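The numbers here are math on the coordinates, done by the rules we state, and not lab data. Owing to the predicted nature of the structure, the values given are computational and were not obtained by experimental measurement. Cβ coordinates were reconstructed from backbone atoms using ideal geometry, including for glycine residues, and neighbour counts include every protein chain displayed.
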Protein chains: 2
Amino acid sequence: MTRARKAVLDALRSAEEPLSAAGVIARIGDICDQATVYRALSYLEETGSAESFVLHCARDGTERYYIAAGERHHHWFHCESCHRFIDLGVCRLGRLCDQLEREFDVRVTEHTLYFSGLCGDCRK
Amino acid sequence: MTRARKAVLDALRSAEEPLSAAGVIARIGDICDQATVYRALSYLEETGSAESFVLHCARDGTERYYIAAGERHHHWFHCESCHRFIDLGVCRLGRLCDQLEREFDVRVTEHTLYFSGLCGDCRK
DNA sequence: CGCCGTTTTGCAAGTGATTCGCAGAACAAG
DNA sequence: CTTGTTCTGCGAATCACTTGCAAAACGGCG
C-alpha cells in the first residue's frame, strides 16, 4: 500500500462518519494531490477496503461519500441541519433483498440506502 | 402550467421508469431548452408533482432520476446490464423508519433506496 | 383589446465535482 | 544499477447541472 493510499484509508478509518472526497482532501490535502485522493478512493473501493454512496445535501450539493469497509456494511442517517451522520448500524435489508429477488426475478448485487432528516439535537 | 413544464411532466408520466434529465431532454429536447428542462424538473419536484433520486450507473455515470409522483412512493431496481429499471412497488420501509426514529432519536423526513444488479432477462 | 408588472424561456457562459493526459517519481524484480 | 511497471502531481478537460440576462409569454385589469 502506497503512502498516499494509506493516508486516505487512515483518514476514512479515523473519521467516525462517511467522508466526501472534499472531506478527505480537507484532512490530508497537504500530503497529496486531490487527483491522487480521488484515485486512491476508487482504488480502495475496487479492492474492497472502502464503500461509498452518493448523497445530496442542501449545503454541500451532490457528492460521493466513502467509509472504510468493516465486517458488515452499515447504513447512515444524515442530519439536514448540522450535516453530521449517524451510524444506524448494520444493514437490515437482507430479508427484503431476498424477497425482492424472488418476487421480481432479479439478482440484487448491491443497494443504496440512507435516511435524512433532523437529528435529536437539532430537533430541539 | 406552462407549455414546457407540461411537456416535461408528460414525458415523466409516459415513461414507465425513472428518467434522468438527459432522458427527458432526449425525448423533448426539440420542444424546449435543456436549462428549461432542468428548471421544470426542479419546479415539479418542489411542487410535489415529481420525485427524484441520485443513482450511479457504470454506463451513464451519476445522474438524478425523476418520476412523476403517484399516490405512494415506489422504489426501483436498476439492471447494470440492460440499464432498465424495474418497479419494485410501494415503499416497504415504513416500519423500519419508525423503528429507527425511536432507536436513534431522529426525525426521518426522507430516505433514498434503490437496488442494482441483474434483471431476469440479463441473468440468463 | 391594450398596457404593465411578473414569470418563464432560450442561449451562452459559469460552477462544482470528478476524471484524464502526460511526464517525472517511486517501486519491484533481477 | 537497470529496466519495466505503477503511482503521483499538475493542469486541462469533462460531465451534470446552474445562472445571468434579455426577450417572450402570461396574467390581470382598466
(request) May I ask you to report, in nm to one decimal and beginning with the shortest, the distances from B:Arg3 to the same position in the other copies, taking label points 7 Å along Cα-to-Cβ? (result) 6.2
(request) Classify segment B:31-85 as rounded, prolate or oblate from the Cα gyration tensor: take a ≥ b ≥ c as the square roots of its eigenvalues, call it rounded if a/c is under 1.5, otherwise prolate when a/b beats b/c and oblate if not. (result) oblate
(message) Quick one: 3J(HN,Hα) in Hz for segment B:66-78, Karplus 6.51/-1.76/1.60 with θ = phi - 60°, rounded, Gly and Pro as x.
(response) 10, 9, 5, 5, x, 4, 10, 7, 10, 10, 10, 10, 10
(request) Measure off 7 Å from each Cα along the Cα-to-Cβ vector at A:Glu17 and B:Arg13, then give the distance between these two points in nanometres to one decimal. (result) 4.1
(message) Give me the inter-chain shielding for B:98-108: mean count of other chain Cβ atoms within 10 Å, whole number please.
(response) 5
(message) Over chain B, what is the relative contact order in percent, taking alpha-carbon pairs closer than 8 angstrom and at least six residues apart?
(response) 21
(request) Mind jotting down the three principal axis lengths of segment A:1-101 based on Cα atoms? Whole angstrom, largest first. (result) 45, 33, 20
(message) Ignoring everything except DSSP H segments at least 4 long, calculate the 222 nm mean residue ellipticity for the protein assembly as shown; use -39,500 (n - 2.57) per segment, divide by total residues, nearest 500.
(response) -11000 deg cm²/dmol
(request) Taking a label point 7 Å out from Cα toward Cβ, give me the nm distances from A:Glu46 to the same spot in the other copies, shortest first, one decimal. (result) 4.1
(request) Calculate, for B:Glu80 and B:Arg3, the FRET efficiency according to 1/(1 + (r/R0)^6) with r their C-beta to C-beta distance and R0 35 Å; round to the nearest 0.05. (result) 0.45
(message) Treating only the Cβ of Lys, Arg, Asp and Glu as charged (+1, +1, -1, -1), what charge dipole size does segment A:3-123 show about its Cα centre? Round to the nearest 20 debye.
(response) 200
(message) Below 13 angstrom from the Cβ of A:Arg59, what's the summed charge of the other residues (Lys, Arg +1; Asp, Glu -1)?
(response) -2
(message) Give me the inter-chain shielding for A:68-77: mean count of other chain Cβ atoms within 10 Å, whole number please.
(response) 1
(request) Express the Stokes-Einstein translational diffusion coefficient of the protein assembly as shown in µm² s⁻¹, to the nearest whole number, given a Kirkwood radius over alpha-carbon pairs, 20 °C and a viscosity of 1.002 mPa s. (result) 109
(request) In nm to one decimal, list the spacings between the B:Gly61 label point and its equivalents in the other copies, with label points set 7 Å along Cα to Cβ, shortest first. (result) 1.3
